[in-house]
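The values are calculated or read from the model by the stated rules, or taken from the named source; none is laboratory data. Because the structure is predicted, anything quoted here is derived from the model rather than measured. Quick reminder, even Gly has a Cβ in these numbers, built from the backbone with ideal geometry, and neighbours come from all protein chains shown. The accessibility values were calculated without ligands, DNA or RNA, using every heavy atom of the protein model including side chains. Shrake-Rupley method; radii C 1.70, N 1.55, O 1.52, S 1.80 Å.
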Amino acid sequence: MIRNLAGSVLALAGATAAVWSPFRAWYDGRHGRDYAIDELFTGITDARAEVIGSILAPFLFAALLTLLGVLLRSRLLVACAGIVVLGFTVLWMVRVGQAEGSLTVGGDGGGLGDGVANALGGGVLLLIGALVMSGRSRAPHRGDRPPPRSARPAPDAPRPDGPRPDDPDPDPDAREDPRAHPQASAPYAATQTYDVPVRDPDQERRNPPPGS
């Protein structure tokens, strides 16, 4: 969280410096907004460009990427914004060096101005902000996720291995009746019954056994 906050502040500061740089002097007192964006590919001329078609356009695009990167916590978008700013600034320096023969730095308003420094500094801040940001937090691994609620056993569901010895008995009266399973409660084998004849004295007097 702290890294994302610090990286976002650096990225926003870099985007602000990059957007503000075309309104400063870039070379020999000429502002960056006076350079047309197509001159970076065809060659620098003395023609003054419109603001929307100047070097300000790619810097505005970089600022938009920075805002999206900060909102989405995307280090890639912020880094792309820094590359856009640095890329167009370096391309401009190459074209101006070709047109002027060489690049100079003067303290009397000649040569490279503070607008170039703002653009280069803004691009560097964007890259640093992308490195500082931690990005979006990843989802937990499948093995670390708790089982879904549907897969968890219900509190009242019987356990497949039966109750444990150390489990408290919630209701003594709710114990299972041993008579419901006679085989489980009988310690010995099942008993067998036999018919024993009963002597009837009256029948013996009427029908005495032979030899009596």
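Summing charges over neighbours of Val9, with a neighbour being any other residue whose Cβ is under 15 Å away from its Cβ, gives +3 when K and R count +1 and D and E count -1.
Taking amide H as placed 1.01 Å from N in the peptide plane, Ala36 has its amide H under 5 Å from the amide H of Ala49, each at least 5 places away in sequence or on another chain. If R0 equals 35 Å, the separation of the Cβ atoms of Thr104 and Leu76 corresponds to a calculated FRET efficiency of about 0.40. Taking every protein chain into account, the 1.4 Å probe leaves Leu68 with about 80 Å² of accessible area, to the nearest ten. Across the range 90-98, rounded Karplus estimates of 3J(HN,Hα) from the backbone phi angles (6.51 cos²θ - 1.76 cosθ + 1.60, θ = phi - 60°) give 5, 4, 4, 4, 5, 5, 5, x, 5 Hz, Gly and Pro being marked x.
For the peptides 71-79, 113-121, the ranking by packing is 113-121, 71-79, with the highest mean count of neighbouring Cβ atoms within 10 Å listed first.
Taking all protein chains as shown and a probe of 1.4 angstrom, Ser8 keeps an accessible surface of around 20 Å².
Accessible area of Met93 (1.4 Å probe, protein heavy atoms only, ligands and nucleic acids ignored): about 50 Å².
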